[in-house]
Every structure is written in C-alpha cells, then in structure tokens.
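Report on one structure; see the data block that follows.
The values are calculated or read from the model by the stated rules, or taken from the named source; none is laboratory data. Owing to the predicted nature of the structure, the values given are computational and were not obtained by experimental measurement. All Cβ positions, glycine included, derive from the backbone under ideal geometry; neighbour counts span all protein chains shown.
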Amino acid sequence: MKKMTVLAAACLMTAALCAGTVRAEEDLKIIGVKEEGATQIALTNATGRDISEFRIRSTEETEFSDNMLEEGDVFETDETRFFFYVWPEEEEQEFTEEDFAEADAQDGTQEDLPDEKELTVGYDIQITFADDESTAEVNSFPYAAIEEGKICAEDGVAFLIYTDKYTAEEVNTKEYALSVLAMAQEAAKAAEKAAAAQAQQAASNTNSGSGSTYTAPAYTAPAASVPTYTEPAYTDPGTAETAPAEPAAEPVYTEPGYTEPAYTEPAGGGEDTCIDDGLFYD
C-alpha cells in the first residue's frame with residue numbers, strides 16, 4: 001500500500017511538472033503569426049538588451065519586412081518566445097539517394113550534400129535594440145536546421161547559438177557573422193578608395209598655374225549650312241515697243257550777208273593827191 005501511494009505521488013508530481021511545462025510553453029509570447037504551415041522556433045534573447053523590432057527578409061529582397069512584434073511590445077533580455085514563419089517550400093531542394101550515389105561516384109562523399117535538403121534562398125533577421133534604436137543582423141538564418149536557439153550579440157555582430165536538429169551538434173554562427181562584417185568593411189574601403197581616386201583625378205584636371213579648374217569644352221555640332229538662293233528681280237519690258245528718242249533739231253545754215261563798201265570821191269577833183277609822208281594814192 002505504501003508503495004502504491006509513493007507511485008501515485010510520483011505520477012502526480014510528474015503530471016504537475018508536465019502540466020507546468022505545457023503551461024509555460026502556452027504562456028510564451030510569439031513573434032510573427034501562428035498560422036497553418038508556419039514553423040515554430042523557440043528563440044531566446046541573449047543579447048543582454050531589449051529588442052523593440054524584429055524583421056525578416058529573403059536574400060533576394062532588398063527591404064526587410066514590417067516589424068513582426070506588436071506595437072509597443074518589447075522582446076526583453078533573457079526572454080524566450082516562439083517565432084512563427086511560413087518558409088516557402090518551393091525554395092527548398094530535396095535530395096534523393098540517387099543524388100548521394102552520384103556524389104560518391106564523383107569522388108565525393110555524402111558530406112558534400114546536406115542530410116535532408118539544401119536551401120536555395122537564405123533569410124536574414126534584423127533586430128532593433130530598444131535603448132538606442134541601433135540595429136544588428138543575423139545573416140543566413142538556418143530555419144531548416146533550428147528548432148530552438150539563442151540570439152546573441154558580441155564584438156559588433158549578432159549571431160545564433162543553436163543545436164542542429166540533424167546532427168545534434170551545437171552551432172555557433174559568430175565566426176560567420178564576423179566574416180560577413182569583414183567583407184562589408186572591405187567593400188566599404190574599396191568604395192572609399194574608388195571615391196578618393198575619382199577625387200584625385202578631378203583634382204588633376206585643375207590648372208595648377210592659374211588655379212582655375214579645367215573644364216572640357218562642350219562640343220556643339222555645327223548648324224547645317226544651306227545656301228540661300230535669291231531670285232533676281234525681273235522687270236517685264238512689256239509688249240509695247242519704245243520709240244527711239246527724237247534727234248536734236250538740225251542747225252539752220254544762214255548764208256553770211258555781204259555789203260559793198262561805199263566809195264567816196266576824195267577831195268580835190270580826182271587828181272593825184274599827195275598824201276603826207278610822200279605816199280601817193282592812184
């Protein structure tokens with residue numbers, strides 16, 4: 001009887017613990033929408049800071065989704081929540097035994113392929129911290145291999161610590177996050193270097209003697225030169241003939257008149273008369 005009592009008590013305690021666990025899970029808040037087809041993942045905020053926004057996007061998208069937390073809600077530090085999301089099935093590639101056999105035939109191993117499937121499209125998570133509204137990203141969220149995990153933040157990156165549901169091994173994505181950050185920094189340096197080279201090239205176009213900036217002359221295509229033809233003015237002479245001008249009147253010739261000089265008998269009766277100075281007139 002005593003043994004049965006102890007066994008019953010143990011069963012009651014087990015039931016109470018189970019009920020408590022179920023109730024605890026039921027009391028967890030959620031991120032996203034609990035709907036048919038949505039995958040449930042238990043996430044713990046291990047960043048040490050409250051999270052005010054939680055967004056997601058695929059690697060094929062440039063913009064993150066709207067905030068998946070309700071307005072005014074805060075994902076508190078050390079809090080665990082269920083994250084619900086419907087991952088598109090068409091973006092997953094299933095592998096068969098033939099795929100693994102082909103990999104082996106090509107001097108590969110089954111490790112060259114995932115145990116279940118390979119994701120052809122990745123997803124990134126963006127979180128916003130409530131204290132200063134700064135953001136951080138968890139890149140390549142492993143939704144196919146994670147059932148529960150912790151979101152952490154150290155050394156300027158956000159990352160996950162979780163147990164892979166296929167291998168049962170603990171995975172820490174911090175090194176991957178640091179490599180993504182390093183690539184982003186290298187890209188930023190390359191862009192800065194390119195901008196500096198462009199500025200230097202612009203400075204080299206400056207006339208160092210006058211200090212004026214050289215501006216390449218703008219080329220203007222010459223306007224088409226079309227000769228302009230002007231029709232000469234034409235005056236119709238008309239059909240009537242023009243009579244020639246009348247010649248000037250001929251001069252009238254007048255015969256000069258002749259007058260016989262009158263003879264006057266010299267005085268003295270017609271005899272020779274002596275003229276002064278010894279001249280005689282006959």
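Worth pointing out:
- Residue under evaluation Ile127, criteria (1) modelled with pLDDT of 95 or more; (2) in a loop (DSSP other than H, G, I, E, B), criterion not met: (2)
- With respect to the stated conditions, Glu118 is part of a strand (DSSP E or B), more than 16 Å from Tyr176 (Cα to Cα), of a type outside the set (Phe, Trp, Tyr) and at pLDDT below 65.
- Within the stretch 29-48, the set of residues being on the phi > 0 side of the Ramachandran plot, in a loop (DSSP other than H, G, I, E, B) and surrounded by 11 or more Cβ atoms within 10 Å (Cβ to Cβ) comprises just one member, Gly48.
- Number of the exception - Ala103 against (1) at pLDDT below 95; (2) of a type outside the set (S, T, N, Q); (3) in a loop (DSSP other than H, G, I, E, B); (4) buried (at least 16 other Cβ atoms within 10 Å of the Cβ): (3)
- Cross-chain or 6+ apart pairs with Cβ under 6 Å, the stretch 63-77 first and among the hydrophobic types (A, V, I, L, M, F, W, C), then part of a loop (DSSP other than H, G, I, E, B): Val74/Asp50; Val74/Ala130
- Taking the numbered list (1) surrounded by 14 or more Cβ atoms within 10 Å (Cβ to Cβ); (2) on the phi < 0 side of the Ramachandran plot in turn, Thr62 passes all entries but (1).
- Complete set of residues in the stretch 158-173 that are surrounded by 14 or more Cβ atoms within 10 Å (Cβ to Cβ), assigned to a loop (DSSP other than H, G, I, E, B) and among the polar types (S, T, N, Q): Thr173
- For Glu186: the one exception among (1) surrounded by fewer than 18 Cβ atoms within 10 Å (Cβ to Cβ); (2) in a loop (DSSP other than H, G, I, E, B); (3) not basic (Lys, Arg): (2)
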